[in-house]
1. Look through GLU163, GLU177 and report the one residue that is among the acidic types (Asp, Glu), open to solvent by less than 70 Å² (accessible area, probe 1.4 Å) and either under 19 Å from ASN111 (Cβ atoms) or over 17 Å from the mean Cα position of the chain (by Cα) (or both).
2. Evaluate segment 206-222: report whether one residue or more is more than 25 Å from GLY37 (Cα to Cα) and in a loop (DSSP other than H, G, I, E, B).
3. Based on what the data block shows, is ILE172 under 19 Å from the mean Cα position of the chain (by Cα) and closer than 19 Å to ALA92 by Cα?
4. Any residue that is free of Cβ contacts under 8 Å to residues at least 12 places away in the same chain, in contact with an Asp or Glu (Cβ under 9 Å, 6 or more places away or on another chain) and not aliphatic (A, V, I, L, M) - is there at least one of those in segment 108-116?
5. Of the conditions (1) assigned to a loop (DSSP other than H, G, I, E, B); (2) open to solvent by 50 Å² or more (accessible area, probe 1.4 Å); (3) closer than 24 Å to VAL36 by Cα, LYS202 clears all except one; give me its number.
6. Which of the following residues is hydrophobic (A, V, I, L, M, F, W, C), in contact with a strand residue (DSSP E or B) (Cβ under 8 Å, 6 or more places away or on another chain) and modelled with pLDDT of 95 or more: MET66, MET133?
7. Restricting attention to segment 193-225, and to residues there that are of a type in the set (Asp, Glu) and at pLDDT below 95, which single residue is farthest from PHE40 (Cα to Cα)?
8. Filter segment 37-56 down to residues that are in contact with a strand residue (DSSP E or B) (Cβ under 7 Å, 6 or more places away or on another chain) and open to solvent by less than 60 Å² (accessible area, probe 1.4 Å) and give me whichever is nearest to THR218 (Cα to Cα).
Amino acid sequence: SAEVYTPTGSETANLEAGNKAYKLTKAAGVTVAKNVGVSFDIKSMLPSGSNFGNTKSISFGFDLLMETIDYLPSEYTYFDLATSKTNGGNNAADQTRFVRWGVHQGWKQLNFFNALNNRINGDNTQFDKNNTMANRWYRIVCDIDLVNDSVTTTIYDRDKDMEMLNKKPFVIAKADETTGENPNYPTEINLDNLYFNIYMDKNANTSNKMEYYLDNITVEYQDYE
């Protein structure tokens, strides 16, 4: 299920009473197909008449909370920023995808994937690190340079004065300084669309309860020459 949830203040999750957030839940005792999840149409967030036609960069961000590591998937939950919904949760390359964030059960952390589906390890993003990251809010930001074809993602601990995890952004795609080659940047993007696609369970076999909260979904761009 997916809903806009208004906390009462009695929850054990780290939620402020009255603060609305998106709540995504898979019940215990059932499994869901790998393409089951939620898609946010980010382009529809833009004011009427506005588009990405003039922008040279896009910064997309959201806040993520998982109350307990008991709610982890059997392997991955995927969060994709892409200009299509064609991937459908597949563990595969996607030339419309800027970045895939993955919540991983084995390392209990975030990992990242580029358009070729190569994995970038999410160093120092563990949900169970010193028992502090579960039930805390991550601020997750993707910065896209549409001129230089680069993509980075930066992860912040919102509950610790926005401390930058790993002390630096993670590079998802960037041209090689020597050769100029940049195979990790998507080749089929169409900014007439932009989607934030969430696929709950890569292996379609998680039987335990899964639950995520999302807040403060934002997009920043330029709409002038």
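The values are calculated or read from the model by the stated rules, or taken from the named source; none is laboratory data. If you're wondering where the values come from, they're calculated on a predicted model, not measured in any experiment. Because the Cβ atoms are built from the backbone with ideal geometry, glycine has one as well, and the counts that use them run over all protein chains shown. The accessibility values were calculated without ligands, DNA or RNA, using every heavy atom of the protein model including side chains. Shrake-Rupley method; radii C 1.70, N 1.55, O 1.52, S 1.80 Å.
1. Exactly one of GLU163, GLU177 is among the acidic types (Asp, Glu), open to solvent by less than 70 Å² (accessible area, probe 1.4 Å) and either under 19 Å from ASN111 (Cβ atoms) or over 17 Å from the mean Cα position of the chain (by Cα) (or both), namely GLU163.
2. Yes; the residues of segment 206-222 include at least one that is more than 25 Å from GLY37 (Cα to Cα) and in a loop (DSSP other than H, G, I, E, B).
3. Spelling it out, ILE172 is indeed under 19 Å from the mean Cα position of the chain (by Cα) and closer than 19 Å to ALA92 by Cα.
4. no
5. Condition (2) is where LYS202 drops out.
6. MET66
7. If we take residues in segment 193-225 being of a type in the set (Asp, Glu) and at pLDDT below 95, then GLU225 is farthest from PHE40 (Cα to Cα).
8. Only one residue fits best here, namely ILE42.
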